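**Student:** Dropping the structure in here first, questions after.
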Amino acid sequence: MRNKASARRLAQRLNPYSAWIVLLVLVAYGAFGVRNFLSQMNLSAILYQYSIIGLLALGQFLVILTAGIDLSQGSVVALTSITAALVMTRYNVWLGIACGLLLATSMGAISGLLVSRTSMPPFLVTLGMMGVARGLAMQIANARPVPVYNDSFIAFGSSSLLGIPVSTYIWVGVALLCLFFLTRRPLGRYVYAVGSSEENCRLSGIKVPSVKLTVYVLSALLTAVGGVIWTSRLGSGSPVGGVNYELESIAAVVVGGGSLFGGKGRIDGVMAGVLIFGLINSILNLSGISPFWQGMIKGLIVLLAVALSQLRTRGGDKEEGEPANA
Amino acid sequence: MLKLTYLQQWKVRSKTDNQRILTTLIILVALFAIAAILSRGVFLKPSNLLNLVFQNAILGVVSLGQFLVIITAGIDLSVGSLVGLSTVLLMVFQFAGLAGALVMTLVVPLVLGLINGFFVSLRRLPAFVVTLAMMLFAYSLAQVISGGAGVYSGLNGAPLSPALVAFNKQVIFGIPYPAIVWIAALLGVSLYLRLSLGHFTYAVGGNELAAFLSGIPVVTVRLLAYILSALYASIGGILAVARVGEGHPASGQPYLLDSIAAVTIGGANLAGGEGSVIGTLMGVIILGTINNIMNLLNISPMMQPAVKGIVILLAVYINSRKKRG
Amino acid sequence: MLEEVPLLELKGVNKSFSGVQVLHDVSLDLHPGEVHCLVGENGAGKSTLIKIISGAYRCDSGEITFLGQHFTHLNPRWALGHGISTIYQEIDVVPALSVAENISLGNEPRKRNGNIDRAALKLRAKKLLEDIGVSLRLNAPVGGLKIAHQQLVAIAKALSLNSRILILDEPTAVFTASEIEMLFRIIRKLKQQGLGLIYISHHLDEIFQIGDRITVLRDGWVTRMGKVQEFDKESLIQAMVGRQIDFSRRGEDDQSGEEILRVENLSRKGVYSGINLALRQGEIVGMAGLVGSGRSEMARGIFGADPISSGQLWLRGRRIRVRSPRQALAYGIGMLPENRKEEGLIQVRPLAENAGYSAVQATSRFGVVPWSRIRSLVRKIIKDVEVRFPSLNSEVRYLSGGNQQKVVIAKWLAARSEVLILDEPTRGVDVGAREEIYKLMHKFKKEGKAILMISSDLPEILTQSDRILVMAKGRIAGEIPRREATEQRVLSLALEAGKERSGEK
């Protein structure tokens, strides 16, 4: 009995950092158990691969903090990509990027408006928007990819600075912006507040619909940035890409300690969550394990991470009988 | 006799559920009307309607399992992967004879459903995450078993059982076999809901704590919901193999989102405790009708996701308004 | 005090919802430094009235005068901004944010560049908490605080908005006695600072302790208004219900029979210990005690809803183990939880379904349910229990508090319970339904069954119980037979063990 209680308390203390612990374990395993793991090439490859999901995960985190969810991210990647490519090939790169971002943000705004102004559940709203965005993406270019010919644009997505991919700098930069937003700006604090207790925010005069709208717009914006990078790497705009990206970003947020009930989670946890998946990927590849096994391992890790992060809530519930803050 | 008991059951449905059934019915009738007009009456021909049922049997069955889980305020994101896994299992185990293959196809997903239920029900982890993990897991498992590609014959080259090949073509009283399976599935769920554990599904989804304090075996009810969802997914997989003659890990992909769409269009509430079997049935038919209409209007299949998306948004919007009133 | 300009004056306020008039020609005034109590049964219009004051609702006609200015209606943001704050029963704090952040929620001090000025935030919180004589850890997430402390944060927040009027809606629902004292101290301080307070409570004792004037609402009308001294309990209740409540002991002689349930040495580490009690056929045992004495926890332990550390249960002389409510049900033990909305009913399901759950569980064999039998049983019991409902299919959430409680009772009656544990059976129930519930309790008792009634309402305990057990600090402090029971005796037993603990939960 005593051991259980102290183990639980330990778990509670460590809880905000559970993702980093898992990450550390993976790094250790990789460093000692896998050849070439710690090479610069490998590490930068991991960062390279997962920067885009990293951006999506940041946007997803903002939405999840409000107890919402954004299932449309993958489709928005495709929509951004095809839009940007089309405009880019006809006019110029910057206009293309701007149009891509704009269209994506509009999609986010629609989602945000529906979620905030009606009682429609975010799951279903973004599920619907996922279809709408995908259909739109397909329709715009007749389901065909649009190659982009601008060399500098294509290069930027894959380029590196000091051995670290440029897209990673973007990811980290955006993450810092998000951190700043969530801790220093009132609107950012309101994001946590709305997820934690929406009704009380309303009573305090916080414009809850605006907060919700903001996070969906930001999620779409961040997704669009990811989409632009993706387009650059692909060398063309593709309307069929991004499938299931949102599930990966959700998994990363959850593994990183975010709670689907809102109001809980930290930016660093989300980043750790993304890196965890990156590391798994890398470890499996370098170990020569068929990629088919990846899903099973990822599934187990997601389960493990969530089970760990639930230890806190469960312990709290039973002992005090206080209202649980998921 | 079944009709009578159904009517009796009608009496004890909540007002909201009744309202939603009505709303969904109106949508369905409206869509039928549109389809009939656009097709100059062809749509309403029995052969076309039968075809509609035939096409949507798989979704129909899978949606019923998803329905049960959603009533418990959960969700099963793994149904798509479980369908795919079932198709692979059914093909691969042909060498054990049709019976053997069927057993494996039903048992393995059942166990996976049990695992889902275990973590959601006993370990109290969020259903979204657990079934997401299972989705990844089951898909991967299917890939490993099938070698990543489609499976066209059994492990040792054993061919697809002729019984299965013929299955799709068989008809009883003019109704194709897959439709019979769907009807059987419907009856199965309806029957389950009249058993104690099935009846309690609504209570557990509506307010787990209150259900617990009323003496309801909450854990068992939840567990069963996930087990049944997996079972129905595997039945869906069997129907899928019968239709295309091959097994592929990704063959279940479309059924995940479509099943959720069908259940919610049918009036179920993701928060649990609200919804109906007939609503889910209508939801599936609505989705099928929309596909039909799109074909009639020569709308390219590219637009399908968009149209589906809009329908989901509309249906959810209408149901969400009913809540306030 | 009454010579000063009133803070707030309502004149001739009327309000209807969907054709049903809920407030008729209501007038009220509030002066600075006054605690004006608002009493009335559930459904009398109190909530509607305070929502009109706070601007959440618009009245159909009538005039509101606030600080000398006339309005036809107020708007919530304006009202909040100009000093009308409401503290609701459901505490309006945001669990994920800290104490300091909660106090300034929506109103954070900002730096020039728009960022939150954290230093100023903390300073403001510190000052406000000091003003009411309380200290809390400013960075602590409010979700981890005790309910009473969360309430304090809510009050501090209201003060941060320079409230002139503070409306307290059932603030002490789950407070311990010492927490109530703390609240009263704060209220007195606020009075000195010139705030006007509107205090809504079902606890008539509190009203007499802290109130200056009382306005009584009944069915949307003001039946009486006057200074606290002009009332006593009976006249107050009479103004609320329009009939004399008979306080005389509900009297039958002790007709209890054999022992049905015996609890021996029931303990749960850190919560309660050494509980011994026995319930006999045909008796109502009242369980009194302060909030936090462990009564509900003990009840849940008996019922199997919470684990126990040690102890034994005997049903009619046979040892039983109750590890879950399912088992309790099988043994014929039922429990009405403290919180009927969240624990007693499935709000979105129909009334008939809710009333039938336990019966279905109890009578089904291998999953097969005798539906026709259940349906007729449920219909009969719902009738017996006199639930007022639009239709059997209506969802329970559309029923009033008292009727909801009756559905919970119906559920356990349908399950053929022999022992009923009632945890605060009439909390938040209007006086009319209350009487009906008492009637049901006595009928149950007459049928030879047993009731363990936990209640914080002393008059209820005194008038309804055959004998009274008093619990304090997790133990049974004493037992008082009905004849010898007085409020003082009960209270003194309940407080006795509490002296050392300075009123902590």
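The values are calculated or read from the model by the stated rules, or taken from the named source; none is laboratory data. Computed from a predicted structure; not experimentally measured. Here Cβ is always computed from backbone atoms with ideal geometry, including for glycine, and neighbour counts include all displayed protein chains.
**Student:** Looking only at segment B:113-132, which residues are at the interface with another protein chain (Cβ under 7 Å from one of its Cβ atoms) and closer than 21 Å to A:Pro122 by Cβ?
**Tutor:** Within segment B:113-132, B:Leu125, B:Pro126, B:Phe128, B:Val129, B:Val130, B:Leu132 meet the criteria.
**Student:** Among the residues of segment A:53-66, are any modelled with pLDDT of 90 or more and over 25 Å from the mean Cα position of the chain (by Cα)?
**Tutor:** So far as segment A:53-66 goes, no, none of its residues is modelled with pLDDT of 90 or more and over 25 Å from the mean Cα position of the chain (by Cα).
**Student:** Quick check on segment B:46-71: of everything there that is over 8 Å from the mean Cα position of the chain (by Cα) and of a type in the set (Gly, Ala, Ser), which residue is surrounded by the fewest Cβ atoms within 10 Å (Cβ to Cβ)?
**Tutor:** B:Ser47
**Student:** If you scan segment C:335-368, which residues turn out to be hydrophobic (A, V, I, L, M, F, W, C) and within 20 Å of B:Asn207 (Cβ to Cβ)? Full working, then the answer.
**Tutor:** Of the residues in segment C:335-368, the ones hydrophobic (A, V, I, L, M, F, W, C) are C:335-336, C:345-346, C:348, C:351-352, C:355, C:359-360, C:362, C:366, C:368.
Of everything in segment C:335-368, those that are hydrophobic (A, V, I, L, M, F, W, C) and within 20 Å of B:Asn207 (Cβ to Cβ) turn out to be C:Met335, C:Leu336, C:Leu345, C:Ile346, C:Val348, C:Leu351, C:Ala352, C:Ala355, C:Ala359, C:Val360, C:Ala362.
**Student:** Let me ask something additional. Within segment A:173-197, how many residues are surrounded by 15 or more Cβ atoms within 10 Å (Cβ to Cβ) and more than 14 Å from chain C (Cβ to nearest Cβ)?
**Tutor:** The total comes to 3.
**Student:** Just wondering, is there one or more residues in segment C:28-45 that are under 25 Å from the mean Cα position of the chain (by Cα), polar (S, T, N, Q), modelled with pLDDT of 85 or more and crowded, with 16+ Cβ neighbours inside 10 Å?
**Tutor:** Looking through segment C:28-45, none of the residues is under 25 Å from the mean Cα position of the chain (by Cα), polar (S, T, N, Q), modelled with pLDDT of 85 or more and crowded, with 16+ Cβ neighbours inside 10 Å.
**Student:** Just to be sure I understand, how many residues within segment C:158-204 are outside any helix (DSSP H, G or I), touching a Gly at 6+ places or on another chain (Cβ under 6 Å), of a type outside the set (Gly, Ala, Ser) and surrounded by fewer than 23 Cβ atoms within 10 Å (Cβ to Cβ)?
**Tutor:** Final tally of qualifying residues: 3.
**Student:** With the condition kept exactly as written, say whether any residue in segment C:353-369 is surrounded by fewer than 24 Cβ atoms within 10 Å (Cβ to Cβ), at pLDDT below 90 and either under 27 Å from C:Ala433 (Cβ atoms) or of a type in the set (D, E, K, R) (or both).
**Tutor:** Checked segment C:353-369: at least one residue is surrounded by fewer than 24 Cβ atoms within 10 Å (Cβ to Cβ), at pLDDT below 90 and either under 27 Å from C:Ala433 (Cβ atoms) or of a type in the set (D, E, K, R) (or both).
**Student:** Which residue out of C:Gly317, C:Gly270, C:Gly282, C:Gly274 is surrounded by fewer than 18 Cβ atoms within 10 Å (Cβ to Cβ), more than 22 Å from C:Ala472 (Cβ to Cβ) and more than 13 Å from chain B (Cβ to nearest Cβ)?
**Tutor:** The match here is C:Gly317.
**Student:** Is there a residue in segment C:135-151 that is among the hydroxyl-bearing types (Ser, Thr, Tyr) and at the interface with another protein chain (Cβ under 10 Å from one of its Cβ atoms)? First the steps, then the outcome.
**Tutor:** Narrowing segment C:135-151 to residues among the hydroxyl-bearing types (Ser, Thr, Tyr): C:135.
Next, only the ones that are at the interface with another protein chain (Cβ under 10 Å from one of its Cβ atoms) stay: none.
For segment C:135-151, residues among the hydroxyl-bearing types (Ser, Thr, Tyr) and at the interface with another protein chain (Cβ under 10 Å from one of its Cβ atoms): absent.
**Student:** Go through segment C:271-308 and give me each residue that's on the phi > 0 side of the Ramachandran plot and free of Cβ contacts under 8 Å to residues at least 40 places away in the same chain.
**Tutor:** C:Gly304
**Student:** Taking A:Ser119 and the conditions (1) more than 14 Å from chain B (Cβ to nearest Cβ); (2) closer than 30 Å to C:Ile87 by Cα; (3) surrounded by fewer than 18 Cβ atoms within 10 Å (Cβ to Cβ), which numbered condition does it fall short on, given that it satisfies the others?
**Tutor:** Just one mismatch for A:Ser119, condition (1).
**Student:** Continuing with the same structure: Does B:Met282 qualify as being within 8 Å of chain A (Cβ to nearest Cβ), aliphatic (A, V, I, L, M) and touching a Gly at 6+ places or on another chain (Cβ under 7 Å)?
**Tutor:** no
**Student:** Taking the criterion of being buried (at least 17 other Cβ atoms within 10 Å of the Cβ) and of a type in the set (Val, Ile, Thr), would at least one residue in segment C:65-83 satisfy it?
**Tutor:** There is no residue in segment C:65-83 that is buried (at least 17 other Cβ atoms within 10 Å of the Cβ) and of a type in the set (Val, Ile, Thr).
**Student:** Within 13 Å of chain B (Cβ to nearest Cβ) and within 26 Å of C:Glu435 (Cα to Cα): which single residue out of C:Pro325, C:Pro337, C:Pro370 fits that description?
**Tutor:** Selected residue: C:Pro337, the only one of C:Pro325, C:Pro337, C:Pro370 that is within 13 Å of chain B (Cβ to nearest Cβ) and within 26 Å of C:Glu435 (Cα to Cα).
**Student:** Here's a follow-up. Please indicate, with yes or no, whether at least one residue in segment B:160-179 is within 21 Å of B:Gly60 (Cα to Cα), out of contact with any Lys or Arg (no Cβ under 7 Å at 6 or more places or on another chain), of a type in the set (Ser, Thr, Tyr) and within 14 Å of chain A (Cβ to nearest Cβ).
**Tutor:** Among the residues of segment B:160-179, not one is within 21 Å of B:Gly60 (Cα to Cα), out of contact with any Lys or Arg (no Cβ under 7 Å at 6 or more places or on another chain), of a type in the set (Ser, Thr, Tyr) and within 14 Å of chain A (Cβ to nearest Cβ), which makes the answer no.
**Student:** Select from segment C:62-84 the residues that are out of contact with any strand residue (DSSP E or B) (no Cβ under 8 Å at 6 or more places or on another chain), part of a loop (DSSP other than H, G, I, E, B) and among the small types (Gly, Ala, Ser) and list them in ascending order.
**Tutor:** Once the filter is applied, which keeps residues that are out of contact with any strand residue (DSSP E or B) (no Cβ under 8 Å at 6 or more places or on another chain), part of a loop (DSSP other than H, G, I, E, B) and among the small types (Gly, Ala, Ser), segment C:62-84 yields only C:Gly68.
**Student:** Any residue that is within 30 Å of B:Leu98 (Cβ to Cβ) and in contact (Cβ under 8 Å) with a residue 12 or more places away in the chain - is there at least one of those in segment B:290-305?
**Tutor:** no
**Student:** While we're looking at this one, here's another question. Taking only segment B:231-253 into account, find how many residues are surrounded by 19 or more Cβ atoms within 10 Å (Cβ to Cβ) and in a helix (DSSP H, G or I).
**Tutor:** 15
**Student:** Can you find a residue that is touching a residue at least 24 places away in the same chain (Cβ under 8 Å), under 20 Å from C:Leu195 (Cα atoms) and in a loop (DSSP other than H, G, I, E, B) anywhere in segment C:40-61?
**Tutor:** yes
**Student:** From the list A:Ile154, A:Ile170, exactly one residue is β-branched (Val, Ile, Thr), part of a helix (DSSP H, G or I), over 30 Å from C:Gly55 (Cα atoms) and over 19 Å from the mean Cα position of the chain (by Cα). Which is it?
**Tutor:** Of A:Ile154, A:Ile170, the one residue that is β-branched (Val, Ile, Thr), part of a helix (DSSP H, G or I), over 30 Å from C:Gly55 (Cα atoms) and over 19 Å from the mean Cα position of the chain (by Cα) is A:Ile154.
**Student:** Now a separate question. Identify all residues within segment B:210-264 that are of a type in the set (Phe, Trp, Tyr) and touching a residue at least 12 places away in the same chain (Cβ under 8 Å); write none if there are none.
**Tutor:** B:Tyr226, B:Tyr232, B:Tyr255
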